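Please treat every number below as a calculation from the coordinates, not as lab data. Quantities reported herein were computed from a predicted structural model and do not represent experimental measurements. Neighbour counts are summed over all protein chains in view; Cβ atoms, including those assigned to glycine, are modelled from backbone coordinates with ideal geometry.
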Amino acid sequence: MSAGSSIASRPTEERCRQSSLERALTCAFWRTVQNEPMPVMAALEAAARALGHLYRQTAAAHGPGGSCGCGWQPDPEADLIVLEAMLAAAVMQQPTEDLAEMEVAGRA
């Protein structure tokens, strides 16, 4: 992640991939909470820990001796600022109806 990146400036293909990941994470979260009821904040804390684990694993693959050649250089301090900003924006954002991101409910 780079601090200067914004979702609005990313190509449509990348935004579609991000939306797909967001849907998968959302479905996994709600499916788990439905099957294993727990307090809401406990579930969100678990999700935050999982995201932290994913960051650490991804950073390890990109750090010294890492196996990925994409060029991303982990910067935990800067990356955390970006992730915190994205979390705050998502919490404060009013839901919008985006036809491109809606799940298909049936067939006409």
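For the pair VAL91 and LEU21, what calculated FRET efficiency results from E = 1/(1 + (r/R0)^6), where r is the Cβ-Cβ distance and R0 = 25 Å, to the nearest 0.05?
Here the calculated transfer efficiency is 0.85.
Tell me the GluC sites (Glu not before Pro) within the stretch 36-97 that lie in a loop according to DSSP and have at most 11 other beta-carbon atoms within 10 Å.
GLU97
Put a dot 7 Å past each Cα toward the Cβ at ARG49 and ALA78; how far apart are the dots in nm?
Here the modelled spin labels are 3.0 nm apart.
Please give the FRET efficiency for ALA60 paired with ALA105, using the beta carbon to beta carbon distance and R0 = 25 Å, rounded to the nearest 0.05.
FRET efficiency, ALA60 to ALA105: 0.05.
So if each residue of separation counts as 0.36 nm, and I subtract the Cα-Cα distance between CYS70 and GLU14, what length gain in nm does that give?
In short, 18.7 nm is gained.
Hey, can you grab everything whose amide H is under 5 Å from the amide H of GLY66? Only 5+ residues off in sequence or another chain; H modelled, so Pro and N-termini drop out.
It is none; the list stays empty.
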